[in-house]
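Please read the structure below before turning to the comments.
The values are calculated or read from the model by the stated rules, or taken from the named source; none is laboratory data. On a predicted model such as this, the values are computed, not experimentally measured, just so you know. Don't worry about glycine lacking a Cβ; one is built from the backbone with ideal geometry, like all the others, and counts go over all protein chains shown. Surface accessibility is based on the protein's heavy atoms, side chains included, excluding ligands, DNA and RNA. Shrake-Rupley method; radii C 1.70, N 1.55, O 1.52, S 1.80 Å.
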Amino acid sequence: MRRLGIMGGTFDPVHYGHLVGAEGARHDLKLEKVIFIPAGRPPNKPHSRITEPWLRYRMTGLAVASNPFFEVSSIEVERTGPSYTINTVQAISRLYPGAQIYFITGSDALVDIHTWKGIEYLLTICRFVAAARPGYRVDELWERLDSLIGDLRRNIICMEVPALAISSTDIRQRVREGRPIKYLLPEPVEDFIKKNQLYRQ
Ligand code: ATP
Ligand code: MG
């Protein structure tokens, strides 16, 4: 059976946290590849200002270019209206019939899992991989998941990712304040941000 990873996110911008998490999942779960899917218009971030989807798509493409097991998909940026994980996973299952799909996400994202659209169905058509920082209280997360989704939590796998305090929010703030972003994200992405004058204000 084919095993595929999906790494969804806003990727505004993509950074080494995303890449290290995806590579760890690819190795641990023996995934054939990981498809990065930049969100079109994320339903959980409707009011904040988000960089134009195609620019985020291009940055993600630059970031994954050096890894033969990574690719980027435009299925969400092509879609108008909000993008929900359920629609994305369904679209990928249609493209790869019979494949086992692993949706990679930060463990922080799971605390409001019960509010995700179609979560019960979602957890029957894919498994979640929750990337946690070392020292993260996994037992607390399990307890919470138990009370939120019960037995379905068996379809969630926890994975440790090293030292990743990197976030897109912090990178955007650094650019605004003229502080360095070097070594937080791949160089081609850094160059792209400069050339296109992203996050200046
Ligand atoms: P923002 O700060 O704008 O929320 P972000 O850095 O959290 O951005 P997203 O695009 O929101 O990036 O995240 C995409 C996915 O990657 C989410 O599942 C998120 O939990 C995960 N992720 C984000 N940062 C890290 C990190 N440093 N290590 C591992 N996973 C991460
Ligand atoms: Mg985030």
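Quick grid of which residues meet (1) within 16 Å of ligand 2 (Cβ to nearest atom); (2) not polar (S, T, N, Q):
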residue	(1), (2)
T80	no, no
N87	no, no
Y96	no, yes
T115	yes, no
G118	no, yes
A131	yes, yes
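For the range 105-130, taking the residues that are of a type outside the set (G, A, S) and in a strand (DSSP E or B), the one that is nearest to the chain's Cα centre (by Cα) is identified as T105. Of the residues making up the range 12-32, just one is of a type in the set (K, R) and either within 12 Å of ligand 2 (Cβ to nearest atom) or surrounded by fewer than 17 Cβ atoms within 10 Å (Cβ to Cβ) (or both), namely K30.
The set of residues in the range 131-177 that are outside any helix (DSSP H, G or I) and either modelled with pLDDT of 90 or more or hydrophobic (A, V, I, L, M, F, W, C) (or both) comprises A131, A132, I156, I157, C158, M159, V161, A163, L164, A165, I166, S167.
Taking G106, is it within 17 Å of S93 (Cβ to Cβ) and among the small types (G, A, S)? Criteria not met by G106.
The one condition from (1) open to solvent by 30 Å² or more (accessible area, probe 1.4 Å); (2) touching a Pro at 6+ places or on another chain (Cβ under 7 Å) that E76 does not meet is (1).
Of everything listed in (1) open to solvent by 20 Å² or more (accessible area, probe 1.4 Å); (2) in contact with a Lys or Arg (Cβ under 6 Å, 6 or more places away or on another chain), the single unmet condition for I86 is (1).
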